[in-house]
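Asks: Can you read through this structure? Questions will come right after.
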Amino acid sequence: MLARTLHGARLSLAVGLGARILSLLLGGSLGFLAGYRGGWVDAIVMRIADVFFAFPSLLLLIGITAALEPGLGVATAAIGIVGWAEVARLVRGEAMRVRELEFVTAARALGAKDGRILLRHVVPNCASPLLVSFTLGVATTMLAEASLSFLGLGAQPPTASWGAMVLEREGVSAQRTVGGVLPGTLPRCGGALAESARRRVARRARPALERRRGLAGSTTR
């Protein structure tokens, strides 16, 4: 169990890192584009992000993975696609803040093109919040992968994954409860109830028996 737990930790961490990198690349690119360009580009990207925010993440993940063949690759891609909206909104806000700073205005006045300004000035100054979002989001993606594996839509047996291991233990516990505890408990409970009822009937019938014995003894005398 310890070996499978450690192996499952490696797999879950790999899926979490992969899914978060995909979310960072997709959401970061769209967020930088929306925040720096603004206008209709910003409106379109944010409306698409709002559509993703409108659905619960777990239900959206279940729908994507259930429509395709369940597996770690599909689960990783689904988690990465679903998580891009959060990254895009964060990056958009930072890009809108940085594009109004003096050094960006000076670079634009010197004739620098938008691609150079974006890569040389905007992106490096947005790296700190992106790093924080990446590290905090790995735990969320690992939890999402465990949830999908627990539902049978992520890692498939006999692959060791935390969610799949929890599912296996739940199945064993349910089997033990139904197959071991209940068949032994019900006869014991039934026997205890029957013995209690027998004692209660005997206790109530004892005075009548004693009276009968007394009357029989007086008649004999």
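The values are calculated or read from the model by the stated rules, or taken from the named source; none is laboratory data. Quick caveat: nothing in here was measured; it's all calculated off a predicted structure. Note: ideal-geometry Cβ built from the backbone for every residue, glycine included; neighbour counts use all protein chains shown.
Asks: Within the range 8-28, how many residues turn out to be more than 15 Å from the chain's Cα centre (by Cα) and surrounded by 15 or more Cβ atoms within 10 Å (Cβ to Cβ)?
Replies: 11
Asks: Same structure again: Based on this model, can you work out whether VAL104 counts as among the β-branched types (Val, Ile, Thr) and touching a residue at least 40 places away in the same chain (Cβ under 8 Å)?
Replies: Numbers: among the β-branched types (Val, Ile, Thr): yes; touching a residue at least 40 places away in the same chain (Cβ under 8 Å): no.
It is false that VAL104 is among the β-branched types (Val, Ile, Thr) and touching a residue at least 40 places away in the same chain (Cβ under 8 Å).
Asks: Looking at the structure I just gave you, is ARG89 closer than 30 Å to LEU59 by Cβ, of a type in the set (Lys, Arg) and either modelled with pLDDT under 85 or more than 19 Å from the chain's Cα centre (by Cα) (or both)? Break it down stepwise before answering.
Replies: Details: closer than 30 Å to LEU59 by Cβ: yes; of a type in the set (Lys, Arg): yes; either modelled with pLDDT under 85 or more than 19 Å from the chain's Cα centre (by Cα) (or both): yes.
For ARG89, the condition - closer than 30 Å to LEU59 by Cβ, of a type in the set (Lys, Arg) and either modelled with pLDDT under 85 or more than 19 Å from the chain's Cα centre (by Cα) (or both) - is met.
Asks: If you check ALA14, ALA66, ALA49, ALA34, which single one turns out to be of a type in the set (A, V, I, L, M, F, W, C), modelled with pLDDT under 85 and in a helix (DSSP H, G or I)? Before you say what the answer is, go through the steps one by one.
Replies: Details: ALA14 fails: modelled with pLDDT under 85; ALA49 fails: modelled with pLDDT under 85; ALA34 fails: modelled with pLDDT under 85.
It is ALA66.
Asks: Out of the range 70-96, which residues are outside any helix (DSSP H, G or I) and surrounded by fewer than 24 Cβ atoms within 10 Å (Cβ to Cβ)? Before you say what the answer is, go through the steps one by one.
Replies: Quick first cut of the range 70-96, residues outside any helix (DSSP H, G or I) only: 70-71, 83.
Those that are outside any helix (DSSP H, G or I) and surrounded by fewer than 24 Cβ atoms within 10 Å (Cβ to Cβ): PRO70, GLY71.
Asks: Taking the range 115-144 as the search range and keeping residues that are under 20 Å from TYR36 (Cα atoms) and touching a Lys or Arg at 6+ places or on another chain (Cβ under 8 Å), which one is surrounded by the fewest Cβ atoms within 10 Å (Cβ to Cβ)?
Replies: Applying the filter and picking the extreme gives ILE117.
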